Amino acid sequence: MTILTDHIKEVKHKIWSLLETVNDPEVPVLSVIDLGIIRDVQIEQSGATGYKPIISITPTYSGCPAMDVISMQIRMVLLEAGFTTIEIKQVLSPAWTTEWMSAEGKDKLKAYGIAPPQYKQAVCTPDAFQAEEAIQCPQCNSWNTTMVSQFGSTACKALYKCEDCKEPFDYFKCH
Amino acid sequence: MNTSLINYTLHLADTALVMGHRNSEWCGHGPVLEQDIAISNIALDFIGQARNFYQYAASLSGNGATEDTLAYLRDVQDFKNLLITEIPNGDWAQTTLRQFLVSSYQYYLYQQLQYSTDEQLAAIAAKSLKEVTYHVRWSSEWVIRLGDGTEESHQRLLKAVDEIWNFTGEMFVPAAYEQELNTNKTGVDVLAIQPLWLHKVQEVFAEATISIPAKSFIQQGGKTGIHTEYLGYILAEMQFLQRAYPGAEW
């Protein structure tokens with residue numbers, strides 16, 4: 001019995017490392033693990049010798065168009081690794097938050113030119129014209145930045161500009 | 001099979017879908033690029049929320065229903081969306097005002113619905129609430145900016161209030177399926193959220209230097225399938241492909 005449990009552990013470990021190679025198609029420097037959208041990996045025995053991975057994923061935004069592509073890519077990677085039966089479940093609760101993004105992911109984002117979400121974003125309320133959070137420019141590290149638009153190039157981002165180096169940049173919306 | 005639960009879920013789904021469709025009509029036509037992107041992003045959030053509700057409604061209905069058959073193969077009288085979502089976009093003042101009125105309603109609605117005894121409705125509501133919160137913020141800023149802006153923008157906002165205020169009352173007149181789901185805490189008592197909504201609208205209108213119209217006639221019927229003449233045109237556009245080429249996929 002312990003041998004079996006150990007083996008399942010090993011398979012799980014392998015799946016997690018495979019998932020690390022699946023990137024978000026819209027922010028290609030982030031893996032699905034960095035993004036915090038893999039909620040659970042379960043293994044079921046399938047047939048005499050096989051294993052069936054059950055992957056639970058959660059969308060960042062309800063309408064995130066990347067979700068279908070991400071599910072397909074996860075399936076592809078697992079198929080290539082020899083898993084033949086795969087289940088990918090979408091879970092909505094608890095709802096994704098930027099706090100689930102890994103520290104490593106935040107560093108990768110910044111290096112890519114996107115300002116990573118702050119720890120505990122402060123302005124997630126419906127009140128109009130709130131004082132903006134100070135967001136650091138990912139290019140020159142200046143704090144002298146302003147929001148250009150609450151919405152940006154993807155559902156999860158807002159558009160900012162740096163008043164010092166004058167570069168526009170994306171920032172993860174409070175969520 | 002719980003017919004009221006299906007109808008209620010479809011009501012939430014249809015409202016989100018039709019609103020998302022109307023907003024998507026701005027894509028490529030926004031007043032400036034950033035706002036074009038903003039309204040298109042909001043459209044995307046709505047369509048995502050609609051998908052979640054349709055998927056749940058399909059699982060409740062069985063009979064081979066899918067999110068696509070529910071969105072693409074039902075007719076006008078089957079749709080249960082709020083009438084306010086189907087009226088044409090008008091100008092930017094009318095669009096952002098409608099967004100504010102609908103998003104504020106959804107904000108209080110989903111705030112309650114996230115505690116529903118129905119786990120899936122609760123999950124969709126909690127997820128949607130985060131997006132709606134952002135929509136309320138964006139749209140109330142526009143209402144204030146236009147109302148407290150120039151003489152022209154103020155006049156346009158007043159005209160928009162005039163055009164669509166009659167459609168807001170319907171939000172708070174419960175349909176039979178809403179009443180039934182209130183009794184076991186599956187749905188939301190819309191009468192209870194009306195004062196919260198009104199307070200929010202009053203607050204934003206005051207900043208926008210406009211006032212809430214006196215009590216007026218309530219246009220209603222959407223929740224039970226009686227629609228304005230506009231919905232048929234929306235569905236004709238939205239459903240054409242599936243009806244002309246049944247089962248077509250991307």
Criterion violated by A:Ser102 - all others in (1) within 23 Å of B:Tyr134 (Cα to Cα); (2) modelled with pLDDT under 95; (3) among the polar types (S, T, N, Q) satisfied: (1)
Pairs, first closer than 12 Å to B:Thr15 by Cα in the stretch B:73-87, second part of a loop (DSSP other than H, G, I, E, B) and aromatic (Phe, Trp, Tyr), C-beta under 8 Å, six or more apart: none
Filter pass, A:Gly82 being assigned by TED's automatic domain parsing to the domain that holds A:Ala48 and small (Gly, Ala, Ser): yes
Members of the stretch A:149-166 that are in contact with a strand residue (DSSP E or B) (Cβ under 7 Å, 6 or more places away or on another chain) and in a loop (DSSP other than H, G, I, E, B): A:Gln150, A:Phe151, A:Gly152, A:Ser153, A:Cys156, A:Glu163
Filter result for the condition that a residue is out of contact with any Asp or Glu (no Cβ under 7 Å at 6 or more places or on another chain) and part of a loop (DSSP other than H, G, I, E, B), over B:Ile218, B:Ile193, B:Ile164, B:Ile212: B:Ile212
Any hit, the stretch A:54-62, residues being assigned by TED's automatic domain parsing to the domain that holds A:Pro25, over 19 Å from A:Ile33 (Cβ atoms) and surrounded by 15 or more Cβ atoms within 10 Å (Cβ to Cβ): yes
Residues (within 13 Å of chain A (Cβ to nearest Cβ) and hydroxyl-bearing (Ser, Thr, Tyr)) located in the stretch B:18-69: B:Ser24, B:Ser40, B:Tyr54, B:Tyr56, B:Ser59
Residue under evaluation A:Lys161, criteria (1) closer than 25 Å to A:Gly63 by Cβ; (2) within 13 Å of chain B (Cβ to nearest Cβ), criterion not met: (1)
Pick from the stretch A:47-89, criterion under 17 Å from the mean Cα position of the chain (by Cα) and in a strand (DSSP E or B), ranking: farthest from A:Val22 (Cα to Cα): A:Lys89
In the stretch A:111-139, residue nearest to B:Val204 (Cα to Cα) [restricted to those that are of a type in the set (Gly, Ala, Ser) and in contact (Cβ under 8 Å) with a residue 24 or more places away in the chain]: A:Ala122
For B:Ser40: the one exception among (1) more than 20 Å from B:Phe167 (Cβ to Cβ); (2) touching a residue at least 60 places away in the same chain (Cβ under 8 Å): (2)
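Look at A:Pro65 and say whether it is surrounded by fewer than 18 Cβ atoms within 10 Å (Cβ to Cβ), within 28 Å of B:Ser24 (Cβ to Cβ) and away from chain B (no Cβ under 14 Å).
When the stated conditions are applied, A:Pro65 does not pass them.
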Of all residues in the stretch A:73-82 being closer than 22 Å to A:Ala48 by Cα and either touching a residue at least 40 places away in the same chain (Cβ under 8 Å) or touching a helix residue (DSSP H, G or I) at 6+ places or on another chain (Cβ under 8 Å) (or both), the one that is nearest to the other protein chains (Cβ to nearest Cβ): A:Leu78
Given (1) assigned to a loop (DSSP other than H, G, I, E, B); (2) modelled with pLDDT of 95 or more, index of the condition B:Ile39 fails: (1)
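Quick grid of which residues meet (1) touching a helix residue (DSSP H, G or I) at 6+ places or on another chain (Cβ under 8 Å); (2) free of Cβ contacts under 8 Å to residues at least 24 places away in the same chain:
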site: A:Leu92; (1), (2): yes, no
site: A:Glu104; (1), (2): no, no
site: A:Leu109; (1), (2): no, no
site: A:Asn141; (1), (2): no, yes
site: A:Asn144; (1), (2): no, yes
site: A:Lys166; (1), (2): no, yes
site: A:Cys174; (1), (2): yes, no
Counted residues, the stretch A:106-148 - those being buried (at least 18 other Cβ atoms within 10 Å of the Cβ) and either within 14 Å of chain B (Cβ to nearest Cβ) or part of a strand (DSSP E or B) (or both): 6
Residue within the stretch B:75-96 that is closer than 22 Å to A:Pro59 by Cα and of a type in the set (D, E, K, R) present: no
Whichever residue in the stretch A:120-139 is touching a helix residue (DSSP H, G or I) at 6+ places or on another chain (Cβ under 8 Å) and charged (D, E, K, R) and, among such residues, is farthest from A:Pro25 (Cα to Cα): A:Asp127
Among residues of the stretch B:11-51, those that are aliphatic (A, V, I, L, M) and buried (at least 24 other Cβ atoms within 10 Å of the Cβ), counted: 10
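The values are calculated or read from the model by the stated rules, or taken from the named source; none is laboratory data. What you see is a predicted model, and the numbers here were worked out from it, not measured in a lab. Neighbour counts are summed over all protein chains in view; Cβ atoms, including those assigned to glycine, are modelled from backbone coordinates with ideal geometry.
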